[in-house]
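I have placed the structure first, in the form of structure tokens, so that the comments after it can refer back to it.
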Amino acid sequence: MSDFIISGFHEPVSLPSPLAVRHAELLQLAWLELCRFEYGMLDLQSGKSSQAARELTELGRRTGRLSHPEARQRTAAYTPAEGHEHCPRCWVREDLRAPLAFESRGSVDVASCGCCGAQFQLALG
Ligand SMILES: [Zn+2]
């Protein structure tokens, strides 16, 4: 782990661990999934046939309901656990804990969900 020095200060500042970075990225992705949910809802309400709207139509058909307050609550509660990180998309949309598989591809890590098929690119820690 490398330290870096802020000029003028003499205390080394520790960088966050790769795991902390990964979990912060997954948290951001959960909020992005909520945004997708929100603009999908807006598109549905205004009769636009965007991809986000079509995904929500399909989700509503499959699960029997679409609740924005619940999706929001789940997003706020999303907490990836070390070694058991779950898919932010499945969690936010469907309340499912689908495990993510991580794979290193060149300069990025890719997290894949076997349940919804989502692939998330993460910076290497
Ligand atoms: Zn998923």
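Could you please let me know if Arg61 is more than 16 Å from the ligand (Cβ to nearest atom) and within 16 Å of the chain's Cα centre (by Cα)?
Numbers: more than 16 Å from the ligand (Cβ to nearest atom): yes; within 16 Å of the chain's Cα centre (by Cα): no.
Here the answer is no, as Arg61 does not meet what is asked.
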>> Suppose the filter is more than 14 Å from the ligand (Cβ to nearest atom) and at positive phi; does Gly40 pass it?
In response: no
> Would it be correct to say that His84 is at pLDDT below 95 and surrounded by fewer than 11 Cβ atoms within 10 Å (Cβ to Cβ)?
Replying inline: no
> Out of all the residues in the stretch 77-100, which are among the small types (Gly, Ala, Ser) and more than 28 Å from Ser14 (Cα to Cα)?
Replying inline: Ala98
>> For the stretch 76-92, give me the residue count where each residue is among the hydroxyl-bearing types (Ser, Thr, Tyr) and touching a Pro at 6+ places or on another chain (Cβ under 8 Å).
In response: 1
> Taking the stretch 61-80, which residues are in a helix (DSSP H, G or I) and of a type in the set (Gly, Ala, Ser)?
Replying inline: Ala71, Ala76, Ala77
> Considering only the stretch 74-125, how many residues are more than 23 Å from Leu56 (Cα to Cα) and of a type in the set (Ser, Thr, Tyr)?
Replying inline: 3
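The values are calculated or read from the model by the stated rules, or taken from the named source; none is laboratory data. Note that the structure is predicted; figures quoted are calculated from it, not measured. We place every Cβ from the backbone using ideal geometry, glycine too, and count neighbours over all the protein chains shown.
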